[in-house]
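So the structure is just underneath, and the comments pick up after that.
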Amino acid sequence: MNKPIKIYYWINRIVWCILLVNFSVRMIAQDSEAQVVIRKSFVPDSILTHIFNMASIHSETVKEYNAELYLKGNLQIHHQNRIIKYIPSMFRFEKGISRYIHESISDLHYTAPNIYDRKIRAASTTFPGGESRFFDVIDFLKFNIYYPSLMGEKIISPLTEQARLHYRYVLDSIAFQGNELLYKIGVIPRYGSTQLIGGAFWISSSDWSVRSLDFRGRYDLIRFHLTMQMGEDQHTRFLPEFLTLDVRFKFLRNDLEMNYTGWMDYEKIKQRDEDYIPPIFLQNHDKYNLTKSYTLTCDTARLIYDRKSFEKLRPIPLDADEDSMYLAYDARRMKNREDTIEHTTRLKKGLVYMGQIGDALISSYNVDISNVGNVTFSPLINPLLISYSHQNGIAYRQDFKYNRLFLNGRLLHLAPQIGYNFTKKEFYAKLDGEYVYNPRKHGSITLNVGNGNRIYSSIVLDQLKNRPDSIFSFDGLELDYFKDIYLNIAHNLEIINGLTLWTGLSMHWRYAADVSEEVARRVRLKYNSFAPRVRITWTPGMYYYMNGDRKINVGSRYPTFVVDYERGIRALSYSGEYERCEFSAEQKIYVRNLHTIAYHIGGGFFTNQEDMYFVDYVDFANRNLPQGWNDDIGGTFQMLDSRWYNASRHYFRGNMTYETPFLFLYPVSRLLSFVQKERLYAGILFMPHLNPYVEIGYGVGTHLFDFGVFVGNEEGKFSSVGCKFTFELFNK
């Protein structure tokens, strides 16, 4: 036997020995109920077809359930610095304490297809105060693995036919358990996206249902590891009974980890094969009433916080380490109470108060004061409230909110807002107030007061009219700007479900920004307006639920139609006559998993044009302060010169936004691990001298910021290009 043949012979022997040893080890490691048959190969299409087809059926099997949920979370602070205090919606921590425990017992109610309501009945914690949305697990409870999207429509489920575009599937092993085969299928994202998860799930060959799952993912600043064990009997087979959740938060060298354990005890489960009538058909024979799918908000007066009372409800006893955290917490509280009694002085109270004022500058607060109301305000020193756009430049906004809930659901809501546009050097302030006196019919009295954008009068329209489109330019026009203070007083009432009537008065006090003699020769320096106003809003098929006496609208599958009309009359000094009418339709459509289309179409016109007036539209207006990326549904015109908003007696516009997790960044998977959404924008505007104005744009959304690039086109000619940037960290 020559030398090459000998080498090949021994290599072949070694390979077979390795395979034999590997197989023997796996056989020895098997338990008494399972036998490993195959390991790590591609999943056959026949198996995937069964899984996908049955997942669409299993997603609708459970129609409704009530369950008791016990959650136990252990927080470990691996590293923290002073920045942790500046993060909105974060727990408050004790100095020198790095471990905390939090427990809760809740009633969980689910109604198909995707309505979850959680009511906390009892809680026990060692946290000294505050709440953190980063460690709120409610989205993880919205984890129907058979549904196309998971976690409140943040994640694409791997068990849908469309998911094959985003995942790779590996048959890790096959095991015998009882009378069925269990396929362990590994799931690998094709690219690193925050909308995808990786891990494995175990599928039963008897009905192709998930028996357990183990997944990892990342969203915003959170990395999570979730495991679930499904029930074994006929009713709980498609529902989780036990779960573990590890959540890791890392931000600017702060490293926090929360380990949750949860148990579900189901009390009532209604499945598709039973004589099941959806709750939306049971309440007053109104198919849009979802009251039975929602329970009332937790009554905090009855919420159990007492440690001894909670111990009687706890389904699983604590281990020694967890019990020691409670004992240490009680000892610290006792010591702090003694120190406070001994050392509290008026000076110290003053220092504590000043410290609270300092916290208000850098923290988001939600203060619930008995017999007074609820006050919410964002940090005063917060760079995340700053935005930049090509037309409006840099702007800053600060919001406050006050809510007072009275008996029978009556509500007082006040929302002051202040802001400053650094580019235009203008200060803005407004107050939106509402008193809901009839919560069942959305009956309310509203008040809106503030200062609006600077505006020029309709005299300019005659100058614009005489200029041909070919040489049109705002340069050289004498635009005499007026400052504006407005006041709207109105009464709202929902006539029938989805149809709201707004009637009231709209008043403006306008005065010239430049009071020089030259300006006074051209125009009057003061103009007022007094206009009765009617606004009708109609959303067909509006779903809602009743929270006590309060009617809360949920949404509709149909567009929202709006007609807004006002007529100026001579009721104030320096006031004139005019008529304004606007109409619009807007809607947000969910195309498929995490893909949406939002559109807004509308138009408006001014009539009765004999008197001087101000072309000041309501639905077609320039906003100089940060409004949030999606506040105006379907997008706005980012590149349109602000002077165009008041330059025509009529307009017609259309805007559309398409949002998807995956569009152009497929080849750049590293960017997808950072980008959460990609957006396409398109808008068209018809008005004199702009027939038409077209704007297109592309943007991305991340957990840190949103960014978009836009291109404007006037009458088929390229006119401008620019961008919009808003901070979104902690705002979502």
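Listed values, structure above:
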item	result
Filter result for the condition that a residue is within 28 Å of residue 677 (Cα to Cα) and in contact (Cβ under 8 Å) with a residue 40 or more places away in the chain, over 618, 591, 562, 554	554
Matching residues in region 674-732 - criterion: being open to solvent by less than 50 Å² (accessible area, probe 1.4 Å), of a type in the set (D, E, K, R) and touching a residue at least 60 places away in the same chain (Cβ under 8 Å)	706, 724, 728
Selected residue (criterion: farthest from residue 246 (Cα to Cα)) from residues of region 181-206 that are in contact with an Asp or Glu (Cβ under 9 Å, 6 or more places away or on another chain) and not polar (S, T, N, Q)	183
Check on residue 435, without any contact (Cβ under 8 Å) to a residue 40 or more places away in the chain and among the hydroxyl-bearing types (Ser, Thr, Tyr)	yes
Filter result for residue 181 (assigned to a strand (DSSP E or B), modelled with pLDDT of 85 or more and open to solvent by less than 40 Å² (accessible area, probe 1.4 Å))	no
Residue 305 being under 13 Å from residue 103 (Cα atoms) and at pLDDT 50 or above	yes
Search result, residues across region 611-631 that are over 17 Å from residue 723 (Cα atoms) and at pLDDT below 80	611, 612, 613, 631
Answer from 431, 411 - the residue that is in contact with a Pro (Cβ under 8 Å, 6 or more places away or on another chain), at pLDDT 85 or above and either closer than 30 Å to residue 721 by Cβ or surrounded by 16 or more Cβ atoms within 10 Å (Cβ to Cβ) (or both)	411
Subset of region 559-584 (residues that are among the β-branched types (Val, Ile, Thr) and open to solvent by 30 Å² or more (accessible area, probe 1.4 Å))	560, 563, 569
Residue selected from region 195-229 under the condition hydroxyl-bearing (Ser, Thr, Tyr) and more than 25 Å from residue 678 (Cβ to Cβ), by the criterion surrounded by the most Cβ atoms within 10 Å (Cβ to Cβ)	209
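The values are calculated or read from the model by the stated rules, or taken from the named source; none is laboratory data. Being a predicted model, the structure only gives us computed values, none of them experimental. Virtual Cβ from ideal backbone geometry, glycine too; neighbours counted across all protein chains shown. SASA here: full protein model, heavy atoms, side chains in, ligands and nucleic acids out. Shrake-Rupley method; radii C 1.70, N 1.55, O 1.52, S 1.80 Å.
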